[in-house]
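These notes are about the structure you will find just below.
The values are calculated or read from the model by the stated rules, or taken from the named source; none is laboratory data. Quick caveat: nothing in here was measured; it's all calculated off a predicted structure. To get the accessible areas, we keep the full protein, side chains included, count just its heavy atoms, and leave off ligands, DNA and RNA. Shrake-Rupley method; radii C 1.70, N 1.55, O 1.52, S 1.80 Å.
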Amino acid sequence: MIKFRGVPLEDVSEMRCVNFDGDFVYGYYIKNGDGALIVGDKAKELDDVGLSRWFADVVPETVGQFTGLTDMNGKDIYEGDIVHDYDQEPDRDDGYIGSSMTDVVNFKYGAFWIGDSWYKVMVMTPPIVEVIGNVHENAELLEEDK
């Protein structure tokens, strides 16, 4: 399954068929005209509810795809996450402490990147990546780093 997330347009806390963590709904993505839907993967387990209970309307701009990777704490990394990463282990024996950056995970050029430029780092490249927020709720984290 290619997993997505999005911020719901209405309260979905009572919906049993979608995965909701209090901020985002997780599941399959469906473009619906100018809107977007996240279809819960729990839907296949439940036959006793109506079809409308299987999906949640979400803010289209908040839809982000799962990268298939997790950060150093085991948290899933999604497009739109703000991450802090190091391009080299900070405690290497040769004394090189590496460099670090804070930026947004984006999908460009057929891959996930940290930052929005070709010259940024691929998500799989740095050995240390930590999700510290996302652009929808924590945009101020990007300003603090600049």
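Using a 1.4 angstrom probe on the protein heavy atoms only, line up Asp85, Asp34, Asp76, Asp23 by accessible area, largest first. Please report the intermediate quantities before stating the final value.
Numbers: Asp85 5, Asp34 150, Asp76 50, Asp23 70 Å².
Heavy-atom accessible area, descending, gives Asp34, Asp23, Asp76, Asp85.
If Leu9, Leu141, Leu69 are ordered by their accessible area, calculated over protein heavy atoms with a 1.4 Å probe, which sequence runs from highest to lowest? Provide the component values of the computation, followed by the final result.
Numbers: Leu9 115, Leu141 35, Leu69 65 Å².
These residues rank, largest area first, as Leu9, Leu69, Leu141.
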